[in-house]
1. Which of rounded, prolate or oblate describes segment 14-71 when judged by the alpha-carbon gyration tensor and an a/c cut-off of 1.5?
2. Starting from segment 4-79, pick out the chymotrypsin sites (Phe, Trp or Tyr not before Pro) whose DSSP state is loop and whose Cβ has at most 10 other Cβ atoms within 10 Å.
3. From the phi of every residue in segment 28-44, what ³J(HN,Hα) in whole Hz does the Karplus formula 6.51 cos²θ - 1.76 cosθ + 1.60 yield, where θ is phi - 60° and glycine or proline is x?
4. So which trypsin sites (Lys or Arg not before Pro) in segment 34-121 are both in a DSSP loop and have at most 12 other Cβ atoms within 10 Å of their Cβ?
5. Which of the GluC sites (Glu not before Pro) across segment 2-100 are loop residues per DSSP, with 14 or fewer other Cβ within 10 Å?
Amino acid sequence: MKYVVMFTSSPDLDAQTDPETASAVYRRIYEWFGEHAASIADGGAELMGVETATTVRRSDAGPVVVDGPFNEAKEVIGGFSVLDVPDLDAAIAIARTWPMLDLPGTSVEIRPMVVDYSQFE
């Protein structure tokens, strides 16, 4: 089963993390991807900062493009990857080891991927 894992954090709390701690966590992240390489179905992707986002929104006049995410959520998605594992329990076991969970305001959201579109026919 394939699951998308989205790595989220709170930018205000990220800014409070001292550079030495952040550097140590990033080293552990690279190790984490190596340790779980057999279950990762893609290379993963870290996203640029939320300030670089562009959003296409619905409006009565049609789609409108705006700078920024303008998202009311306090957490932002900083990256994602696809896991190919037997079940949700296996995905949770891997997500629980995400190194950034040692920092405040972080989480890993797990969602099953739609791989069989025949259910929508």
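None of the figures in this text is laboratory data; all of them are computed from the coordinates on show. Keep in mind the model is a prediction, meaning the values are calculated, not measured. Every residue, glycine as well, gets a Cβ built from its backbone with ideal geometry; the counts of neighbours run over all protein chains shown.
1. oblate
2. On the way: sites: 7, 26, 30, 32, 33, 70; in loops: 70.
Counting only loop positions with at most 10 other Cβ atoms within 10 Å, the chymotrypsin sites (Phe, Trp or Tyr not before Pro) in segment 4-79 are 70.
3. So the J values, rounded to whole Hz, are 5, 5, 4, 5, 4, 4, x, 5, 10, 3, 5, 9, 9, 8, 9, x, x.
4. Values: sites: 57, 58, 74, 96; in loops: 58, 74, 96.
Taking segment 34-121 and a limit of 12 other Cβ atoms within 10 Å, the loop trypsin sites (Lys or Arg not before Pro) found are 58, 74, 96.
5. Of the GluC sites (Glu not before Pro), the ones in loops of segment 2-100 whose Cβ has at most 14 other Cβ atoms within 10 Å are 72.
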